[in-house]
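One structure is given below, encoded as structure tokens.
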Amino acid sequence: MQIDSSTPFGQRVARRLDEERIAWLTTVRRDGTPEPSPIWFLWDGSELLIYSRPNTQKLRNIGRDPRVSFNLDSDGRGGDIVVITGQARIDTSAPPAHRVAAYAAKYAESIKGIGLTPEQFAQAYSVPIRLTPEKLRGH
């Protein structure tokens, strides 16, 4: 999926994917219950990179059903909606979070704010997830 940055919506989506710090990843439990989780993420222009603690419900859900949705918060008045659906996978070839320069820079203050060093964060959030977008909707 490519973001059409020639449109105002596409420009807004691209900007928000670069600048936003928190998003929601929704996976689905075995019984069909949606499971939204707040996440940190990095957009590289074609995929989203997310790091997770091991043994979480979202990882179990992705292992069983890789279809997910990713959304950014609205503007609080029902506008600026960004929803991406796609396929998530565990990417064991991805480097640890502290070795991904753009991710480490984006979340340096947040990692410090939760009382961890970048290395401690990478050890705690040791499971890399790649989300390949398939469809974008919003306004």
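Out of ARG15, ARG64, ARG77, any idea which swings most in a Gaussian network model of the chain, alpha carbons joined below 10 Å?
Maximum among the listed residues: ARG77.
State, as an integer percentage, the relative contact order of the chain based on alpha-carbon contacts under 8 Å between residues 6 or more apart.
28
Counting helices only, and only those DSSP H runs with n ≥ 4, report the 222 nm mean residue ellipticity of the chain as the sum of -39,500 (n - 2.57) divided by its residues, in deg cm²/dmol to the nearest 500.
-7500 deg cm²/dmol
Highest mean first, what order results for 109-115, 52-58 on Cβ atoms within 10 Å?
52-58, 109-115
With Cβ to Cβ distances under 11 Å as the rule, what net charge do the other residues near PRO38 carry (K, R +1; D, E -1)?
After counting each charged neighbour, the total is +1.
Step through the residues of region 75-88 one at a time and calculate ³J(HN,Hα) from phi using the Karplus curve (6.51 cos²θ - 1.76 cosθ + 1.60, θ = phi - 60°), rounding each to whole Hz and writing x for Gly and Pro.
7, x, 10, x, x, 6, 7, 9, 10, 10, 10, x, 10, 10
Go through region 88-139 and name the chymotrypsin sites (Phe, Trp or Tyr not before Pro) that are in a DSSP coil and have 11 or fewer other Cβ atoms within 10 Å of their Cβ.
Hits after loop and neighbour filter: nothing returned.
Remind me, relative contact order of region 25-90 in percent, using alpha carbon pairs under 8 angstrom and six or more residues apart?
After rounding, I find 30 percent.
Convert each backbone phi in region 26-37 into a coupling constant with the Karplus relation 6.51 cos²θ - 1.76 cosθ + 1.60 (shift: θ = phi - 60°), then list the ³J(HN,Hα) values in order as whole Hz, x for Gly and Pro.
For region 26-37, the Karplus curve yields 10, 10, 10, 5, 3, 7, x, 6, x, 10, x, 9 Hz.
No lab work stands behind these numbers, since they all come straight from the coordinates. The shown structure was predicted, so the numbers you read here are calculated from the model rather than taken from an experiment. Backbone-built Cβ (ideal geometry, glycine too); neighbour counts: all protein chains shown.
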